[in-house]
Amino acid sequence: MRRTIRFLRKGETVEVEQFAPRTTLLDWLRLSERSTGTKEGCGEGDCGACTVVLRRLVDGRLVPAPVNACILLLGQVDGSEVLTVEDLAAEGRLHPVQQAMVEHHGSQCGFCTPGIVMSLFALYEAGMAPDRQEVTDALAGNLCRCTGYRPIVDAAFDALARREEDPFVARRQQVAGKLAALADEADVFVGSDQSFFAAPASIEALAQLCLAHPDATLVAGATDVGLWITKALAELPKVIWLGRVAGLDAVAEDGETVTLGATVPLSRARDVLAGLDPDLGELMRRFGSRQVRASGTVGGNVANGSPIGDLAPALIALGATLHLRRGAERRSLPLEDFFLDYRKQDRRPGEFVTAVTLRKPAGRHFRAFKVSKRFDEDISAVMGAFCLDIADGTVREARIAYGGMAGIPKRARAAEAALAGATLADGAAMERAVTALAGDFSPLSDHRASAGYRRRVAGNLLRKALTEIATGDDAATRLIGHREIRHAAE
Amino acid sequence: MRQSEGTENLTSRGATPRPSMRDASSRPPATTGGAAVAPVAGDDGTTLRYVHRPLPHDSGVRHVSGTALYIDDIREPEGTLHVALGLSPVARGRLRGLDLAAVRAAPGVVAVLTAADVPGRNDISPANGDEPVFAEQEVLFHGQPVFAVVATTRDAARRAARLATFDIEEEPPSITVEDALARGETVLPDYTFGRGDVEAALSAAPHRLEGVLRIGGQEHFYLEGQAALAVPGEEGDILVHSSTQHPSEVQHIVARVLGIPDAFVTCEVRRMGGGFGGKETQATQWAVIAALAARATGRPCKLRLDRDDDMVVTGKRHDMRADWRVGFDGDGRILGYDIVFNARCGCSADLSQGVVDRTMFHADNAYFLPAARIASRRLKTNTVSNTAFRGFGGPQGMLAVERVMDEIAARLGRDPLDVRKANFYAPGRDETPYGQTVEDTDVLAALVAQLEADCDYRARRRAVTAFNARSRVLKKGLALTPVKFGISFTLTHLNQAGALVHVYQDGSIHLNHGGTEMGQGLFIKVAQVVAEEFGVGIECVRITATTTAKVPNTSPTAASSGSDLNGMAARIAAATIRQRLVEFLCETYDVAEGEVTFRDDRVFFGNESLAFADLVKKAYQARIPLSATGFYRTPAIHWDRAAGRGRPFFYFAYGAACAEVTIDTLTGEYRLDRVDILHDAGRSLNPAIDIGQIEGGFVQGMGWLTTEELVFDAKGRLATHAPSTYKIPVASDVPQDFRVRLFTSANRQPTIYRSKAVGEPPLMLANAVFCAIADAVRAARGDGLAPLDAPATPEAVLRAIVGAL
Ligand SMILES: Cc1cc2nc3c(=O)[nH]c(=O)nc-3n(C[C@H](O)[C@H](O)[C@H](O)COP(=O)(O)OP(=O)(O)OC[C@H]3O[C@@H](n4cnc5c(N)ncnc54)[C@H](O)[C@@H]3O)c2cc1C
Ligand code: FES
Ligand code: FES
């Protein structure tokens, strides 16, 4: 048992033994370390002004990840190197991404700039080639109100194309060595039984801890939980972080299925899912931002039971099974059955999600569409996922699920039934299915969309999916996310 | 003294004081040319070396290294306390009681402040006396500050602030324009100007149309939220660091609320992390509360608003309902125009007089209106008080008339660009409805002609039509719209500025003026002007924080006026010192004034030269004063509001944009395919900075008209109070094909180096995006122009396509 958290900062190991479990990394940096280069623009993961880069050892490789320090718990940096904007210039020289930002007039008020620099640094460190989609994706989680982004994108292109030598390359080996020395298999427990930050290292230890403290808050990526702290001012005296649990982030694949462990980060899930179907790749590209995907997890996105979460409808359409564990007890259930009612899931105290297994769409026709006010880094007004098993032009089985249309992510069973047995050429059957949606859903009006909009768009997405499947073409039906475009690994 | 010494001193001291950054900062950026630049000719034939150049932002290196300090980054003095606000949970009602016992008892709480703790006047309004620091008896909007908590940490203060119990007798609030119209409540009297017999013109016109356009508000979303740090001094003195565009107003209102003379209060700001108008009047309240807390506790106090609170408690761009009628001839030429702007001002007047006046001044945009009645109502609602926002009301007036142009074109079946051109101001058709003559009607005509050719408008119009004929789900739209924007504060007395320049004995120069830096590049532009005056490198000019202690009684940095006013004032200050140096030189070396030139960090006279620093040292020893103030007031402007006539603007800035969009008729989503912009910055003081203003302004305007939607619920609560629900543009929203160029023409008015103001006008270039979306909707419907309100969210677009949802 380790009673501290440890991480690497400016080449030195930092060990913290006393901190409120809810302390965020941003507060630690700004208030304790007194490094004020990293900014708070929103405190909720949306603006990216607080972006810092964590480098972790993954399979012996040093992997950089941009994260939102404002909603990351301090404890979550255990075992990582924390890099902030102050760390980039070395030996009296700006880092190439900083230099390019200055040369291209990429800052005006400068408040977004530290975060933008860190996002670009992560891209640079990951060895990305200059590509517009990659650059705008890397910036999707960084708001700039001044520049209009053009000079920032130009700066990114320039820096990525020039690839000057920078001291980070030389220091990689050294950092990897130091992180390897930090890695241990100890359970971490900082605090007392009344207030603690715990990070068990094994599933067994996690299961026990959850039984002992059913009132503790499970934290995976904290991209939801972080906001309870910064906005709802939740106390969160007991935090169990899943990030150290060995094996919980496993990805397993066989001929028919893929199993994603609960703590598989959304960035990794993006890569896996993109390999199954381009629409899954596009959905994940538009899921939050690179920062959110680097922290957020598959398990967290499913377990939070959000009616507007993006993974659940896609997974439900793919026929996913959810795996849970409580103590020594394990059970599995169809994902759609996990969602009982608005924010109410079939999860008992002390129980946690271990993984989700989905059926590969190969051989079936899959489509997913996310509709929001803004394409990138926005929450869906409506999200529709469609998986059709078609033989000889006839629909054998249709699995259709929507987000944003009910208090939970939900299957469109009436529409599915209307399509079963129909031929793709049968326009009347398509319209029957669209009409049937009215029986499946009675959506609400809110600030994202009115009920009327949601209803009409849900029907139109079904039309769009069926048209595309029938014609095998999407050039005439899509503005973005065309299926032939492949995404680079994240 | 050897002549080279002075120069050496300058380079080593003038550079940024962080030695580790020196290499980086002195590497000449590829696009800026660095020190060894070729001179350019000024408009009077002089040789210019520092102005008209694309120098990088003075803080660029500091921005990218995280060393630029904003209010929250200033190292807190020992014992600093933190302030959080208690906000009204209802939008309208009588405050009967407020139980703060739990707040006071919360851990870390040092003091709790309410209206009862205000020693001076409980009023932070800029002019009208209608805005309390803390609500007293009446609650005016949901989220109105009612009390403040001062605690040892920000976290403790925020937690304690949520423990209050309010006793408020609730009344039904006015939220919408219609609510306010029904109640007949306004914050200021109605106001109308115009000319001619509009009714007669309308009834005589061969064609008539009328309509209603709803135009949404806009949240500033400056990345740095509102923040202030107040540090008490001796005997009631107080220093307030405030993220404000208007330090003088903060100073004056802090003094008013504390009940002390202005001279006791100093307000300072080095830079803001964005302002956009949102920190013109609305930074004041937070500075005042920090000052009150400092006064009450005797300790430094900081107030930094949480983002969600910031969005709830600070005003926005005015949303409006524009009710219009137009009469026109067969060519689409307007004969009569009648428009009423029903502006939702929120709970107090704030700047609504000037804002809505500017809406009216821009109801014509670039078009001659032979007969016009331009009316406005300043409606009072139980929502946060709306305020300045880049464009200051102008965008709303212009969007309405652009919509009218599209309606006329749709009715006549003509290309909207032809209708627009037919209505342009032209010789003989050059008087605005408020009596100012547009003296340079040729500029916009030439600019639009050039853009039309450069962007291949006609061929693309044909291509768009062809695309729409064959595409069922996706439809394209195209629009080219002009911008004519009046430059000057319409409150004439604000058109003044002061500057203070010191030259020290080593030749380094201290520059200060009343303008504030919020990212717009004002400081580097003014520094360029001063460097030009002294012929020294830009690194010799030390730019310093704006403070009311150095330049008093300043105007807000607003109305795009920053470099026009402060550039002139600084030039005058620098010229005063320069002239003293010239006279000293002429006397000492017996040369004529005409023989003296300042350049390359030296002074040349006759066949000799001196390092600037050496000259300065000699002048000091000869007891020549090396400090001067400069003062500038804009000439020629006057405005008679009662008569609705005058020349409120010194000049107009012009621009035009062409936008092409594709919409998805199944979802209402859209993509911006290409944008071409040609913008008139006069003879730009700094083309790189100006391009940045144009691009940034355009993208901000695009957000206003597309994805940025403010939603208030029936109880007056702002539902979109965070970036998770209020969506400003991100990088991928900016078109890959984005062509922005400066239109090169000198300002015909004698502005600083014949440049033009560029802060606000480009925002309205985004009208092209809205009109292009409307054009695509028209193509989707095939039956003319459908009603489309701003912002054109995907939902609004789908509604326009299908009618009702
Ligand atoms: C800026 C931003 C953008 C976003 N965009 C999107 C988006 O586009 N689409 C979308 O769907 N979501 C989006 N989200 C929401 C969020 O990122 C996801 O819901 C995320 O997947 C949550 O994962 P996490 O690991 O961070 O969960 P956490 O915040 O750690 O936890 C979320 C909840 O799940 C519980 N939990 C976590 N893991 C487990 C487990 N293994 N077993 C049981 N309970 C568990 C936690 O106790 C908590 O209640 C966004 C969030 C932000 C801040
Ligand atoms: S502060 Fe905005 S994302 Fe963290
Ligand atoms: S430079 Fe101001 S927000 Fe980006």
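The values are calculated or read from the model by the stated rules, or taken from the named source; none is laboratory data. Bear in mind the structure is a predicted one, so any value in this text is a computation, not a measurement. As a convention, Cβ positions derive from the backbone with ideal geometry for all residues, glycine included, and neighbour counts pool all protein chains shown. Remember, those area values only see protein heavy atoms, side chains included, never the ligands or the DNA or RNA. Shrake-Rupley method; radii C 1.70, N 1.55, O 1.52, S 1.80 Å.
Selection of first residues in segment A:73-91 that are on the phi > 0 side of the Ramachandran plot and touching a residue at least 60 places away in the same chain (Cβ under 8 Å) and of second residues that are aliphatic (A, V, I, L, M) and part of a strand (DSSP E or B), restricted to Cβ pairs under 6 Å at least 6 apart or on distinct chains, gives an empty result. Against the numbered list (1) open to solvent by less than 40 Å² (accessible area, probe 1.4 Å); (2) not in a loop (DSSP other than H, G, I, E, B), B:F221 comes up short only at (2). Summed over segment B:391-401, residues that are touching a His at 6+ places or on another chain (Cβ under 8 Å) and in a loop (DSSP other than H, G, I, E, B) total 1.
Scan segment A:269-302 residue by residue and report those that are of a type in the set (V, I, T) and either over 26 Å from A:P334 (Cβ atoms) or modelled with pLDDT under 95 (or both). Spell out the reasoning first.
So in segment A:269-302, the residues of a type in the set (V, I, T) come out as A:272, A:292, A:297-298, A:302.
Selection gives A:V292 alone.
Please determine, by comparing only the residues of segment B:637-687 that are aliphatic (A, V, I, L, M) and open to solvent by 20 Å² or more (accessible area, probe 1.4 Å), which one is nearest to B:K756 (Cα to Cα).
Quick first cut of segment B:637-687, residues aliphatic (A, V, I, L, M) only: B:637, B:642-643, B:653, B:656-657, B:659, B:661, B:663, B:666, B:672, B:675, B:677-678, B:681, B:685.
If we keep only those that are open to solvent by 20 Å² or more (accessible area, probe 1.4 Å) too, we end up with B:637, B:642-643, B:666, B:672.
Details: B:I637: 16, B:A642: 29, B:A643: 29, B:L666: 44, B:L672: 29 Å.
Result: B:I637.
For segment B:704-716, the tally of residues that are touching a helix residue (DSSP H, G or I) at 6+ places or on another chain (Cβ under 8 Å) and not hydroxyl-bearing (S, T, Y) stands at 2.
Residue check: is B:I253 more than 14 Å from every other protein chain (Cβ to nearest Cβ) and part of a loop (DSSP other than H, G, I, E, B)?
Working: more than 14 Å from every other protein chain (Cβ to nearest Cβ): yes; part of a loop (DSSP other than H, G, I, E, B): no.
It is false that B:I253 is more than 14 Å from every other protein chain (Cβ to nearest Cβ) and part of a loop (DSSP other than H, G, I, E, B).
Screening A:F366 on (1) more than 14 Å from chain B (Cβ to nearest Cβ); (2) under 26 Å from A:H482 (Cα atoms); (3) open to solvent by 30 Å² or more (accessible area, probe 1.4 Å) shows it passes everything except condition (3). Residue pairs whose Cβ atoms lie under 9 Å apart, sitting 6 or more positions apart in sequence or on different chains, and linking a residue in segment A:253-273 that is on the phi > 0 side of the Ramachandran plot and among the small types (G, A, S) to a partner that is within 16 Å of ligand 2 (Cβ to nearest atom) and in a strand (DSSP E or B), do not occur here. The test for being at positive phi and charged (D, E, K, R) holds for B:R754.
Every residue, every condition in (1) modelled with pLDDT under 95; (2) open to solvent by 10 Å² or more (accessible area, probe 1.4 Å); (3) more than 16 Å from ligand 1 (Cβ to nearest atom); (4) in the same structural domain as A:S202 (by TED's automatic domain parsing), yes or no:
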{"position": "A:E12", "(1), (2), (3), (4)": "no, yes, yes, yes"}
{"position": "A:T23", "(1), (2), (3), (4)": "no, yes, no, yes"}
{"position": "A:L29", "(1), (2), (3), (4)": "no, no, yes, yes"}
{"position": "A:T36", "(1), (2), (3), (4)": "no, yes, yes, yes"}
{"position": "A:E40", "(1), (2), (3), (4)": "no, yes, no, yes"}
{"position": "A:G45", "(1), (2), (3), (4)": "no, no, no, yes"}
{"position": "A:C50", "(1), (2), (3), (4)": "no, no, no, yes"}
{"position": "A:R55", "(1), (2), (3), (4)": "no, no, yes, yes"}
{"position": "A:G60", "(1), (2), (3), (4)": "yes, yes, yes, yes"}
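Would you check which residues across segment B:43-92 are away from every other protein chain (no Cβ under 14 Å), open to solvent by less than 40 Å² (accessible area, probe 1.4 Å) and within 22 Å of B:E539 (Cα to Cα) and list them? Of everything in segment B:43-92, those that are away from every other protein chain (no Cβ under 14 Å), open to solvent by less than 40 Å² (accessible area, probe 1.4 Å) and within 22 Å of B:E539 (Cα to Cα) turn out to be B:L48, B:Y50, B:V51, B:H52. When A:D131, A:D184, A:D193, A:D224 are screened for being under 30 Å from B:I71 (Cα atoms), charged (D, E, K, R) and either open to solvent by 10 Å² or more (accessible area, probe 1.4 Å) or in the same structural domain as A:G305 (by TED's automatic domain parsing) (or both), only A:D224 passes. Does segment A:417-436 contain any residue that is within 14 Å of chain B (Cβ to nearest Cβ) and either in contact (Cβ under 8 Å) with a residue 12 or more places away in the chain or crowded, with 19+ Cβ neighbours inside 10 Å (or both)? Yes: segment A:417-436 contains one or more residues that are within 14 Å of chain B (Cβ to nearest Cβ) and either in contact (Cβ under 8 Å) with a residue 12 or more places away in the chain or crowded, with 19+ Cβ neighbours inside 10 Å (or both).
Taken as a whole, the condition of being farther than 18 Å from B:W286 by Cα and hydroxyl-bearing (S, T, Y) does not apply to B:T153.
Restricting A:A156, A:A183 to residues that are more than 16 Å from ligand 1 (Cβ to nearest atom), over 16 Å from A:V239 (Cβ atoms) and within 14 Å of chain B (Cβ to nearest Cβ) narrows the list to A:A156. Checked against (1) small (G, A, S); (2) away from ligand 2 (no atom under 16 Å from the Cβ); (3) within 26 Å of A:C50 (Cβ to Cβ), A:S295 passes all but condition (2). Where strands (runs of 3 or more DSSP E) sit wholly within segment B:270-361, those with at least 3 residues that are open to solvent by 10 Å² or more (accessible area, probe 1.4 Å) occupy B:319-328, B:334-346. Every condition in (1) within 9 Å of chain A (Cβ to nearest Cβ); (2) assigned to a loop (DSSP other than H, G, I, E, B); (3) buried (at least 23 other Cβ atoms within 10 Å of the Cβ) holds for B:G759 except the one numbered (1).
Exactly one residue among B:V529, B:V501, B:V536 is open to solvent by less than 10 Å² (accessible area, probe 1.4 Å), farther than 30 Å from B:D350 by Cβ and in a helix (DSSP H, G or I), and that residue is B:V529.
Residues of segment B:468-498 that are in a helix (DSSP H, G or I) and open to solvent by less than 40 Å² (accessible area, probe 1.4 Å): B:N468, B:L494. A:R163 meets each of the listed conditions (1) surrounded by fewer than 18 Cβ atoms within 10 Å (Cβ to Cβ); (2) over 26 Å from the mean Cα position of the chain (by Cα); (3) at pLDDT 95 or above apart from (3).
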